[in-house]
Each structure stands twice: as structure tokens, then as C-alpha cells.
Amino acid sequence: MEFLENYFETAAGSITISGQQGSDFAKSVATDFNPIHDVGSKRFCVPGDLLFAIALSRYGLHQSMTFSFLDMVKADSELVYSNDVNQGVSYANGKPVLGISASGASIDEPMAIESVLRKYVAFSGQNFPHILMPLMEQHQVMINPGRPLVIYESMSFDLKTLNFDDLDIRLEQTSLDVQGKRGNAVLNFSFNDKSGEVGRGAKKLVLSGLRPYDADAVKKMCDDYLACVA
């Protein structure tokens, strides 16, 4: 897929993603300004949505798909996308990186796939602060303002049909299960076109380093984040 070619390099059957490429994708395509996607960050990791986008461009869109993010991928890691979608993605040494399960009918039409992945990635990039902050306030917890860490655990969806037009993604329901300093968030969403709902999905996130909610600290965290977006 042409627009993705700027965000990775291919050589000898594997791909690499530089810190700059990962950061550019996060900020330009996903509008995701999570500090772990900043070039030079000690905790830098390749955006999960970029790994997802490359997978969708290579394997096509299936009616039922699950993506499990098994590791935080560092810049310039050598990654191998298997020829079999259900074998997923691994490092060059064979260690799994991205587990994929796909079933049902599929399409490989580039424009349709690009439309879906752009819509999903734009939706996914809005997790913080728009979706997660209300959840944290509701449960009176917050992530560490000094070292905010939100980890993309998995995403899955089921589509009723692959014959859709001008797809839109809407947030339907959210939940947060707090277990000590760890929180498991689930964001349920729907796929819709002019005919109505055409599918459902869920994104799961792990929030680390939870602590008691502090409204002033949360406001500063939000203000700092939104200043980066601006």
C-alpha cells in the first residue's frame, strides 16, 4: 500500500521501522502523541497501529480478525511477516511479536483496505485523553504523570459484510478493571456505513503504574498532551 511505504523499510524478506518512521506514523496518521512514540524516548516502541496497518495491507481484510500485541517493538527491529496470516509476525529470531487470527471471507482491494485502516487508526489514536481520562476519573485512578504508560494489548473485530461504503467507526462502550497498580481497559466500538451497523470490535489496553486520582495532575497531563497535538 503506497502511503504506508514511508513508514518502514524492506530488505531480504523482513522489514524494519526506524524511530522516526514509527513516530511520524503515530503523529501524522494516528494523531497519537503518546510519549513512548517520541523519537529518542528511552522507552520508544513502534506503534501497534503501524504493525496492524502493515498486516492488513499484506494479508487483506478478513471478516473476523484478532490482533494480539506480544511485545513492545524497539526501533530498527528486524520483523518477519509470515506468508500465512495466522502465523502472524515475529522477530528474525522467531520470537512472536504480533499474533493474528483471521477467518471468513476476505478482500484485498487496496483502496477499501486503506479506507478501513485509516479510519480505525484515527479512532485508535484518540484513546488518550478523550476516552481514557473519563474512565480514570470514573474509577478515581490515574496513570503516572511522570512516566505515563498505556500498552496496546489486543484488538479484534467481526464484520457482517465486506461490502460497505464510506465506513465510520464509533465508540460504543468502555470499561476499566482496576487491579492494584494495573488497569485493564476495554473499548468496544462499531463499524457503520450509510446502511447502518456492519460490524463490531473491541480494543484492549493495559494501564500501568496506577495511583489515586489527582484532578490537578490529570489536568496538567491533558494540557501537556493537547499542547503537543496543537
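The values are calculated or read from the model by the stated rules, or taken from the named source; none is laboratory data. Computed from a prediction, not measured in an experiment: that's the story for all the values here. We place every Cβ from the backbone using ideal geometry, glycine too, and count neighbours over all the protein chains shown. To get the accessible areas, we keep the full protein, side chains included, count just its heavy atoms, and leave off ligands, DNA and RNA. Shrake-Rupley method; radii C 1.70, N 1.55, O 1.52, S 1.80 Å.
State all residues of segment 107-148 that are in contact with a helix residue (DSSP H, G or I) (Cβ under 9 Å, 6 or more places away or on another chain), closer than 17 Å to residue 219 by Cα and not in a strand (DSSP E or B); if no residue qualifies, say none.
Residues satisfying the conditions are 128, 129, 133, 136, 137, 143, 145, 147, 148.
Please go through segment 95-111 and give me each residue that is farther than 19 Å from residue 47 by Cβ, open to solvent by 50 Å² or more (accessible area, probe 1.4 Å) and at pLDDT 95 or above, ordered by number. So that I can check it myself, show each step before the final result.
Of all residues in segment 95-111, those farther than 19 Å from residue 47 by Cβ come to 95, 101-111.
Right, trim to open to solvent by 50 Å² or more (accessible area, probe 1.4 Å) and you get 95, 101, 103-106, 108-111.
Within segment 95-111, 95, 101, 103, 104, 105, 106 qualify.
Only one of 124, 90 is in contact (Cβ under 8 Å) with a residue 60 or more places away in the chain and under 18 Å from residue 45 (Cβ atoms). Can you tell me which?
On the way: 90 fails: in contact (Cβ under 8 Å) with a residue 60 or more places away in the chain.
Every option except 124 fails the conditions.
Name the single residue that is nearest to the chain's Cα centre (by Cα) among those in segment 189-204 being surrounded by fewer than 14 Cβ atoms within 10 Å (Cβ to Cβ) and either among the aromatic types (Phe, Trp, Tyr) or in a strand (DSSP E or B) (or both).
Initially, segment 189-204 is screened for residues surrounded by fewer than 14 Cβ atoms within 10 Å (Cβ to Cβ), giving 194-197.
Add one more test, that the residue is either among the aromatic types (Phe, Trp, Tyr) or in a strand (DSSP E or B) (or both), and what stays is 196-197.
Details: 196: 25, 197: 22 Å.
Checked segment 189-204; the qualifying residue nearest to the chain's Cα centre (by Cα) is 197.
For the structure I just gave you, tell me whether residue 123 is under 21 Å from residue 35 (Cβ atoms), of a type outside the set (A, V, I, L, M) and open to solvent by less than 60 Å² (accessible area, probe 1.4 Å).
On the way: under 21 Å from residue 35 (Cβ atoms): yes; of a type outside the set (A, V, I, L, M): yes; open to solvent by less than 60 Å² (accessible area, probe 1.4 Å): yes.
Yes; evaluated as a whole, the condition is true for this residue.
How many residues are in a helix (DSSP H, G or I) and either within 24 Å of residue 93 (Cβ to Cβ) or open to solvent by 30 Å² or more (accessible area, probe 1.4 Å) (or both) when one looks only at segment 8-36?
Filtering segment 8-36 for residues in a helix (DSSP H, G or I) gives 19-28, 35-36.
Restricting the remaining residues to those that are either within 24 Å of residue 93 (Cβ to Cβ) or open to solvent by 30 Å² or more (accessible area, probe 1.4 Å) (or both) gives 19-22, 24, 27-28, 35-36.
Of the residues in segment 8-36, 9 are in a helix (DSSP H, G or I) and either within 24 Å of residue 93 (Cβ to Cβ) or open to solvent by 30 Å² or more (accessible area, probe 1.4 Å) (or both).
Check segment 207-214 and report whether any residue there is at pLDDT 95 or above, outside any loop (DSSP other than H, G, I, E, B), of a type in the set (Lys, Arg) and loosely packed, with under 13 Cβ neighbours inside 10 Å.
Scanning segment 207-214, I find at least one residue that is at pLDDT 95 or above, outside any loop (DSSP other than H, G, I, E, B), of a type in the set (Lys, Arg) and loosely packed, with under 13 Cβ neighbours inside 10 Å, so the answer is yes.
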